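> Please see the structure below; I have some questions.
The values are calculated or read from the model by the stated rules, or taken from the named source; none is laboratory data. Treat the numbers as computed from the prediction; the structure is a model and nothing was measured. Positions of Cβ are generated from backbone atoms using ideal geometry, with glycine treated the same way; all protein chains shown enter the neighbour counts. Accessible surface is based on the protein model in full, side chains and every heavy atom, while ligands, DNA and RNA are left aside. Shrake-Rupley method; radii C 1.70, N 1.55, O 1.52, S 1.80 Å.
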Amino acid sequence: MAGRAGSDRRAEILRAAADLFAARGFHGVSIDDLGRAVGTSGPALYRHFPGKEALLAAILLEVSERLAADGKERAEAWIDDPRRALEELLRGHIRFALTEPALITVHDRELDNVPEPHRRRIRRLQRGYVEQWVSVLARLRPEADPPTLRAAVHAAFGLLNSTPHSAQELAPDPMAELLLAMGRAALLAGD
């Protein structure tokens, strides 16, 4: 039971830190601010993370690992139906983008503050996630070369990851459907 409480506490700290880093930037948040956000002192956080940089690395590693695992599961579940696999990849990423916009903001603004080798690992996980999409898309667009497909996936991520700026005016379900239609159209353009 102590392990579960520790992992719940760790998740709570990661969520609070992501929200603060998204709102105020990595350098605009002190360890004391982070402690207050989770109802403790800043120095008490050192029991969970050796420092603010390690906390930022943990945030971005966790989300990168989670997206990669989810993408792999979705792509493999529909290995014989690439159109459905693409649909599931889109739905998974849209759910992430709509429910965790702070993580998108933190990644966009703060990845350079993550120390090596964590930054290399994050980038490797992200490249793997992109390649899962490229693999599915290559079966739907066999005439397109890998660099074109990779560019299409990155462009679609730009669209889907716009939610910190674009999702406030629509309710989640209509926004998800809009992003799904637009993501599908962008990835299958010319199909």
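> Using modelled amide H (1.01 Å from N, peptide plane; none on Pro or chain starts), what sits under 5 Å from the amide H of G42, excluding residues fewer than 5 places away?
Close amide H contacts, sequence-distant or interchain: G35, R36.
> To continue, here is another question. Determine, for each peptide in 94-107, 130-143, 23-36, the mean count of other beta carbons within 10 angstrom over its residues, then list the peptides with the highest first.
Working: 94-107: 19.7, 130-143: 17.5, 23-36: 14.9.
Packing order, densest peptide first, comes out as 94-107, 130-143, 23-36.
> Does the chain classify as rounded, prolate or oblate by the C-alpha gyration tensor (a ≥ b ≥ c root eigenvalues; a/c under 1.5 gives rounded; else a/b over b/c gives prolate, otherwise oblate)? Walk me through the numbers before you get to the answer.
Working: a/c = 2.17, a/b = 1.92, b/c = 1.13.
Prolate.
> Given contacts defined as C-alpha pairs under 8 Å and at least six residues apart, what's the relative contact order of the chain, whole-number percent? Walk me through the numbers on the way to the answer.
Details: 176 pairs, mean separation 43.6, N = 191.
Relative CO of the chain lands at 23 percent.
> Determine ³J(HN,Hα), in whole Hz, for all residues of segment 119-135 in sequence, where each value follows from phi through the Karplus function 6.51 cos²θ - 1.76 cosθ + 1.60 and θ = phi - 60°; x replaces Gly and Pro.
4, 4, 5, 4, 5, 5, 4, 5, 4, x, 5, 4, 5, 4, 5, 4, 4
> Leaving ligands, DNA and RNA out of it, report the carbon-plus-sulfur percent of the accessible area of the chain at a 1.4 Å probe. Before the final figure, lay out each step's value.
Numbers: 5530 of 10080 Å².
The value for the chain is 55 percent carbon and sulfur by accessible area.
> Obtain the nm distance between the two label points defined at R15 and R47 by a simple spin-label model: each point lies 7 Å from its Cα along the Cα-to-C-beta direction.
A separation of 1.9 nm, rounded to one decimal place.
> Give me the extension gain from L61 to E143: residue separation times 0.36 nm, minus the current Cα-Cα distance, reported in nm with one decimal. Don't skip to the end; give the middle numbers.
On the way: separation 82, 0.36 × 82 = 29.52 nm, distance 3.43 nm.
Here the segment from L61 to E143 would lengthen by 26.1 nm.
> Note down the net charge around T105, summing +1 for each Lys or Arg and -1 for each Asp or Glu among other residues with Cβ under 15 Å from its Cβ. Intermediate values should be presented prior to the final figure.
Numbers: positive: R15, R24, R109; negative: D19, E100, D108, E110, D112.
Once positives and negatives cancel, what remains is -2.
> Next up: Would you compute, from DSSP H runs of 4+ residues alone, the mean residue ellipticity of the chain at 222 nm, taking -39500 (n - 2.57) per run and dividing by the full residue count, rounded to the nearest 500? Spell out each step's value before the answer.
Values: 9 runs with 142 residues, N = 191.
When only DSSP H runs of four or more count, the value is -24500 deg cm²/dmol.
> Any idea of the accessible area per residue across segment 1-188, 1.4 Å probe, to the nearest Å²? Write down the numbers at each step before the final one.
Values: 9850 Å² over 188 residues.
Heavy-atom SASA per residue in segment 1-188 reads 52 Å².
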